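J.: Once you've had a glance at the structure underneath, I'll fire off some questions.
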Amino acid sequence: MGIDGDRIHVGPNMWVGICFLQYYAITGSDEFIASAIKMFKWARSLNHYEMPDGTPGGVSMGFGWGTEWNHVFSTENNIDYYAFIDNLIKIYRNSDKKTRTIFESEDTDVSELEEEKANILNWLLKVSFNKRGTFN
């Protein structure tokens with residue numbers, strides 16, 4: 001697998017997920033929607049930054065290869081994750097009954113997606129983004 005074969009990070013996985021969702025948007029084929037939902041569930045299961053009020057914020061980078069990535073929170077990875085969730089919500093809202101059935105079979109409700117999207121946005125705005133208009 002190579003030197004970092006056991007390292008699994010959010011960002012690269014979300015780009016694959018975004019490709020799955022773009023494939024759906026272009027072709028109308030929902031063959032990868034279940035995989036995208038599984039990716040969401042995996043990312044959502046990762047360690048989250050704890051906001052001062054105790055609510056979850058951004059997700060950690062993942063795991064593997066030395067550093068304790070489950071305690072590292074990357075702006076870039078969370079932006080990727082936010083974009084992925086945003087697209088998944090749009091697909092859910094604009095899809096036909098057949099595609100929505102995939103969400104149901106994966107035991108995923110749009111409210112879960114919206115809640116996680118709000119958590120990520122809150123973290124981006126309150127922790128990651130600074131008052132000078134750049135990211136920390």
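J.: Cβ contacts < 9 Å: first residue free of Cβ contacts under 8 Å to residues at least 60 places away in the same chain, restricted to the stretch 110-126; second residue among the β-branched types (V, I, T) and part of a helix (DSSP H, G or I), any location; separation 6+ or different chain. Result?
T.: V110/I89; E114/I85; E114/I89; K117/I85; K117/I89
J.: So which of S45, S35 is at pLDDT 95 or above, surrounded by fewer than 21 Cβ atoms within 10 Å (Cβ to Cβ), among the small types (G, A, S) and out of contact with any strand residue (DSSP E or B) (no Cβ under 8 Å at 6 or more places or on another chain)?
T.: Result: S35 is the single residue among S45, S35 that is at pLDDT 95 or above, surrounded by fewer than 21 Cβ atoms within 10 Å (Cβ to Cβ), among the small types (G, A, S) and out of contact with any strand residue (DSSP E or B) (no Cβ under 8 Å at 6 or more places or on another chain).
J.: Kindly provide the set of residues from the stretch 18-45 that are without any contact (Cβ under 8 Å) to a residue 40 or more places away in the chain and part of a loop (DSSP other than H, G, I, E, B), ordered by number.
T.: G28, S29, E31, F32
J.: Filter the stretch 97-121 down to the residues that are in a helix (DSSP H, G or I), open to solvent by less than 40 Å² (accessible area, probe 1.4 Å) and of a type outside the set (D, E) and list them by number.
T.: Within the stretch 97-121, the subset in a helix (DSSP H, G or I) is 97-105, 110-121.
The next check asks that each one be open to solvent by less than 40 Å² (accessible area, probe 1.4 Å); those that pass are 99, 102-103, 110, 113, 116, 119-120.
Result: T99, I102, F103, V110, L113, N119, I120.
J.: Right, here's the next one. State yes or no: is N130 in contact (Cβ under 8 Å) with a residue 24 or more places away in the chain, at negative phi and either in contact with an Asp or Glu (Cβ under 8 Å, 6 or more places away or on another chain) or open to solvent by less than 90 Å² (accessible area, probe 1.4 Å) (or both)? So that I can check it myself, show each step before the final result.
T.: Values: in contact (Cβ under 8 Å) with a residue 24 or more places away in the chain: no; at negative phi: yes; either in contact with an Asp or Glu (Cβ under 8 Å, 6 or more places away or on another chain) or open to solvent by less than 90 Å² (accessible area, probe 1.4 Å) (or both): yes.
When the stated conditions are applied, N130 does not pass them.
The values are calculated or read from the model by the stated rules, or taken from the named source; none is laboratory data. All of these numbers come straight from a predicted model, not from anything done at the bench. Backbone-built Cβ (ideal geometry, glycine too); neighbour counts: all protein chains shown. Heavy atoms of the whole protein, side chains included, go into the accessibility calculation; ligands, DNA and RNA do not. Shrake-Rupley method; radii C 1.70, N 1.55, O 1.52, S 1.80 Å.
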